[in-house]
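Chemist: The structure follows.
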């Protein structure tokens, strides 16, 4: 009964959460809205980026990464919405996990990289991304 009550509580809290930050991130990538995209990352955010081997742990590193990605011709991301899961983390935060595919053109060819992700978002901040981990799915 204790676990059942806990699960109901988490489910209830989840219903009160606004899980729109992932949609905003996807939109900003796909519309090339660099300023809106990088402003989503907290100054303390850590990004384990899909196409960078080093942890990006400063605003300048995160900005440089996205400036480079968005400069690629036809760059964007396609969300596999059926894979997405949101989990409330207390009263003011949540995680979003799932699958997406990055795409861009290179030498006239469309390149696609399937990847998995985890975001940790704060509901109490204008820069809601606290942590973002993204990695290519091995073939």
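The values are calculated or read from the model by the stated rules, or taken from the named source; none is laboratory data. Bear in mind that the values here come from a model prediction, so they are computed numbers and not experimental data. Note that we place each Cβ from the backbone using ideal geometry, even for glycine, and neighbour counts take in every protein chain shown.
Chemist: Being within 15 Å of the chain's Cα centre (by Cα) and farther than 14 Å from residue 26 by Cβ is the filter; apply it to region 58-85 and report the residue that is surrounded by the most Cβ atoms within 10 Å (Cβ to Cβ).
Modeler: Ranking the qualifying residues of region 58-85, first place goes to 62.
Chemist: Also, I was wondering about something else. Out of all the residues in region 119-138, which are surrounded by fewer than 15 Cβ atoms within 10 Å (Cβ to Cβ) and part of a strand (DSSP E or B)?
Modeler: 135, 136
Chemist: Got a sec? Which helices (runs of 4 or more DSSP H) wholly within region 1-67 have at least 2 residues that are at pLDDT 95 or above? Break it down into steps so the answer makes sense when it comes.
Modeler: Working: elements: 2-16, 21-31, 34-39.
Fully inside region 1-67 and qualifying: 21-31, 34-39.
Chemist: While we're looking at this one, here's another question. Could you figure out which of (1) under 16 Å from the mean Cα position of the chain (by Cα); (2) modelled with pLDDT under 95; (3) farther than 18 Å from residue 37 by Cβ isn't true of residue 124?
Modeler: All conditions pass for residue 124, except number (1).
Chemist: Considering only region 71-97, how many residues are in contact (Cβ under 8 Å) with a residue 24 or more places away in the chain and either part of a strand (DSSP E or B) or in contact with a strand residue (DSSP E or B) (Cβ under 9 Å, 6 or more places away or on another chain) (or both)?
Modeler: Looking only at that region, the number is 18.
Chemist: Among the residues in region 99-112, are any in contact (Cβ under 8 Å) with a residue 60 or more places away in the chain, in contact with a helix residue (DSSP H, G or I) (Cβ under 8 Å, 6 or more places away or on another chain), part of a strand (DSSP E or B) and at negative phi?
Modeler: Yes - at least one qualifying residue is present in region 99-112.
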